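Right, one structure below, let's go through it.
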Amino acid sequence: MSDKETREITLKGIGASPGICIGKAYLVDKAGVDVVKKYAIHESDLEKEKNRFRIAVKKAKDDLHALVENSHEDFREHADILETHVALLKDKMLYGKTIETIEKEGVNAEWALRKVVSDLQTLFRRMPDAYLRERAADVVHVSDPIMRNLMGADPANVKDIDKRVILVAADLSPAETSQIQLERIMGFVTDLGGMTSHTGIIARTLEIPAVLGLDDVTRRVQNEDLLVVDGTRGEMVIHPVEDTLVRFVRRRMAYEVRKATIMRGGHFPAQTLDGVTVQVMGNIELPEEVVSVRDHGGDGIGLYRTEFQYLSRPLFPSESELFEKYRDVVEVMAPQPVTIRTLDINGDKAIARHSETTEKNPALGLRGIRYCLKEADVFKTQIRAILRAAAFGNVRILFPMVSTYDEILEAKRMLDEAAESLDREGAKFDRNVAIGMMIEVPSVAIMADIMAKEVDFFSIGTNDLIQYTLAIDRGNRHVSHLYQPLHPAIIRMLRQVSDAARENGVGVFICGEMAGEPIHAPVLLGLGMTELSMNPQSIPSVKRMVRSVNTEDAREMITDILREATAEGVRRVLQAACGDLMRDP
Amino acid sequence: MKETSKHVVITNELGLHARAAAKMADIAREAESTVWAIKGDHAVDAGSIIDLLTLGCSEGSPLTIRIDSQSDLNILNRIALLIEDGFGE
């Protein structure tokens, strides 16, 4: 087995965030939490550690017995299964081996158990009969309660990662990524997810190389394995040999040099060949990322996602807590604008830490403005914090997930109420914030001419707009290739929104992933967008692209694009018109 | 010298699954010495459910049960009976 384990393996996935890193693997369980830590046990404490394991097993056994005793006669069958589980807990392949591993390797019980279970899984996976293989694999789940008992009420968590590692996971939910101490993560590799999945976005935001959608990388990689991750090419190597390492170190240097060249141009304004100045702004999720926007030459914050303060915590954040965070961002960016988007999740679920699957279709469910209008108190707390922060700089407020006209009226009414209450209290605030709405649901894109009468600006969230318009789950590997920003339906929709905005004199901005791809800039400028907002690290290369565009030509190109029937056709027109601009910078 | 192994065939539909293996292991653990379950050239400890499961016995699989000590003859017979009886299913 050992020679098999150390053979160099190259895997191809989706390069979701560019860059190259070399480091040790850190495996996150499929549940995302309870990462098992390994630590050495001193010889004199081995007996104590073994006892800790015995007690954990006994407790698991007692709990099972209690279940058996309480089970109704009708569930006798079920009770039999539980009895089998009780027997399995004491099975020498599980129990004996774990005790032996603690003793022989001098490691903690959790690690020993995890190792034994993982060895068993390997053993079972080799069984030829699929049915038996799966049934057999089930037995290892009896170890779950033992593990829980060992780890106590506060299981080891991704947030406890204490060294620089490459995170290996099936997938990471927003709640999990929010707990990771990101400065400790060198790279991401995952089984699931694609370019626009949450992990992909986070990785790009923080400029951490990521290769996603690798199918079964969590099975192939063991903790501490040496890995190379090349997010630029969407490639990773397990157990690289020396030649491979040398090759990737060279590539990493070339990448850094190229990046530095582009970065240097980041701080000059983005002006097209015909003299149109385009605002190139940054999207942020954490207040700390403001620094990154400034470093990359951003002209402001085009999208400040505020979900972060609501994730993985027992209570909703208080008004003063939110205010402090917002003010930090607003003050640092002043006088440049900060666009604060109100809560765009189902806050109840975030707070209660319920799995995201409780709603069958969360993307179509109770989230964004729908949730906020229903939970007026949560919403009002946030709006008050935003209005107070507005007194310290240039704030724009942005409502997400609007799908009907009434929602925007209602949101504005609540904004008035919040302002009135602040006024009554004599608080320091600024009511003169620009009000905007996200265009991400097709219904409001279609109704853009009507909606424009009620707001100061539109911000087009291309990620969701594309997802909803093309009916593509961007996190689903099987269909993610159909997620095409240049689909003619999307181009037409963007034009409709842009035309409605211009006719009504309201701003039209783009804050989706689409804006961060330099090759899209000629299209977006041709459509009349005046502001692009993106992950901070994309700002320099998009600015560079803007400088080589002539908006007159871009508009003509759009006329040609609108005649195309497919995304492929659109790409061809784009290629013909700006092919010389699209070469890898 | 009396025979120290018996050849049996798994007759129950689901093969040697966890609950069946648990019954077998229960008996095997009463033995003084190790009781072996052998399929092909793969021999495992019949006292371990997990070990038994790794044999991957489906319906119709031939299985050899072997004891190391004559004093466990009774155990051998009970296990053979259990298997022939389809684990009472």
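The values are calculated or read from the model by the stated rules, or taken from the named source; none is laboratory data. The shown structure was predicted, so the numbers you read here are calculated from the model rather than taken from an experiment. Glycine also receives a Cβ, built like all others from the backbone with ideal geometry; neighbour counts cover every protein chain displayed. Just the protein is used for accessible areas: all its heavy atoms, side chains included, with ligands, DNA and RNA removed. Shrake-Rupley method; radii C 1.70, N 1.55, O 1.52, S 1.80 Å.
Checking the cross-link filter: which aspartates and glutamates have an alpha carbon closer than 16 Å to that of A:K259, excluding same-chain neighbours under 8 positions apart?
Correct list for A:K259: A:E207, A:D230, A:D295, A:E517, A:D584.
Summarise the accessible area of the protein assembly as shown (1.4 Å probe, protein heavy atoms) by the percent that is carbon and sulfur.
51
Determine which lysines satisfy two conditions relative to A:K374: a Cα distance under 21 Å, and not lying fewer than 8 residues away in the same chain.
Partners found: A:K349, A:K360, A:K412.
Using only the alpha-carbon atoms of the range A:399-522 as identical scatterers, what base-10 log of I(q)/I(0) does the Debye formula give at q = 0.14, 0.18, 0.19 Å⁻¹?
After summing over all Cα pairs, the log10 values are -0.65, -0.93, -1.00.
Rounded to the nearest 10 Å², what accessible area does A:H487 have for a 1.4 Å probe in the complete protein model?
50
Name all residues of the range A:394-411 having a backbone nitrogen under 17 Å from the label point set 7 Å from the Cα of A:N361 along its Cα→Cβ direction, giving them as ranges.
Counting backbone N atoms under 17 Å from the label point, the list is A:401-404.
At 1.4 Å probe size, with every protein chain present, just tell me what the per residue accessible area of chain A comes to in Å².
Result: 45 Å² per residue.
Note down the nm distance, to one decimal, between modelled labels 7 Å out along Cα→Cβ at A:Q575 and at A:K163.
With each label point 7 Å from Cα toward Cβ, the separation is 4.7 nm.
Taking the dipole about the Cα centre of chain A, with the C-beta of Lys and Arg at +1 and of Asp and Glu at -1, give me whichever of A:S541, A:L172, A:I9 is farthest to the positive side.
A:I9
Summing -39500 (n - 2.57) over the DSSP H runs of n ≥ 4 in the protein assembly as shown and dividing by its residue number, what mean residue ellipticity at 222 nm do you reach, to the nearest 500 deg cm²/dmol?
Rounded to the nearest 500, the figure is -13000 deg cm²/dmol.
Run the numbers for A:S44 and A:R424: contour at 0.36 nm per residue of separation, minus the present Cα-Cα distance, in nm.
Gain in length upon complete extension: 130.0 nm.
Where nothing but the Cβ of Lys and Arg (+1) and of Asp and Glu (-1) is charged, how large is the charge dipole of the protein assembly as shown around its Cα centre, in debye to the nearest 20?
So the magnitude is around 1400 debye.
Given R₀ = 51 Å, FRET efficiency for A:R555-A:R251 by Cβ-Cβ distance, to 0.05?
E between A:R555 and A:R251, to the nearest 0.05, is 0.85.
Is there a quick way to get the dipole size of the range A:265-581? I mean about its Cα centre, with the Cβ of Lys and Arg at +1 and of Asp and Glu at -1; what is the value in debye to the nearest 20?
About 300 debye.
What angle do you read, to the nearest 10 degrees and between 0 and 90, between the alpha-carbon axis of helix A:567-578 and the longest principal axis of chain A?
Tilt of helix A:567-578: around 60 degrees.
Using heavy-atom solvent-accessible surface (probe 1.4 Å) with all chains present, what is the largest-first order of B:S33, A:S320, A:S459?
Accessible-area ranking of B:S33, A:S320, A:S459, largest first: A:S320, B:S33, A:S459.
Any idea what angle helix B:73-84 forms with the longest principal axis of chain B, computed on alpha-carbon atoms, 0 to 90 degrees, nearest 10?
20
With +1 assigned to the C-beta of every Lys and Arg and -1 to the C-beta of every Asp and Glu, and no other charges, what is the dipole magnitude of the range A:270-329 about the Cα centre in debye, to the nearest 20?
For this selection, approximately 80 debye.
What's the buried accessible area, both sides, between A and B using a 1.4 Å probe, rounded to 100 Å²?
Buried surface at the A/B interface: approximately 1400 Å².
Any number yet on Rg/Rh for chain A, C-alpha, Kirkwood?
Ratio of gyration radius to Kirkwood radius for chain A: 1.02.
Could you tell me what % of all Cα pairs in the range A:474-585 have separations over 26 Å?
Cα-Cα pairs in the range A:474-585 separated by more than 26 Å: 15 percent.
Against the longest alpha carbon principal axis of chain B, how many degrees, from 0 to 90 and to the nearest 10, is the axis of helix B:18-28 turned?
It is inclined by approximately 10 degrees.
Does any residue of the range B:4-44 lose at least 30 Å² of accessible area with all protein chains in place compared with its chain alone, and if so which ones (probe 1.4 Å)?
B:L14, B:R19
What nm value, rounded to one decimal, do you get for the distance between A:S318 and A:E288 when each label is placed 7 Å out toward the C-beta?
That separation, rounded to one decimal, is 2.4 nm.
For B:K39, give me every one of the lysines with a C-alpha distance below 18 angstrom, ignoring sequence neighbours fewer than eight places off in its own chain.
Straight-distance partners of B:K39: B:K6.
Considering only the protein assembly as shown, what is the antiparallel percent among its DSSP beta bridges, to the nearest 5?
45
Whole number in Å², please: accessible area per residue of the range B:5-88, 1.4 Å probe, ligands, DNA and RNA not counted.
Accessible area per residue: 42 Å².
For A:E207 and A:I81 in the same chain, what is the full-extension length gain: residue separation times 0.36 nm, less their Cα-Cα distance, in nm?
Full extension of this stretch gives 40.5 nm more.
Choose one of A:V402, A:F429, A:Y468: the residue whose Cα lies farthest towards the positive end of the charge dipole of the range A:394-487 (beta-carbon charges +1 Lys, Arg; -1 Asp, Glu; about the Cα centre).
About the Cα centre, the residue reaching furthest to the positive side is A:Y468.
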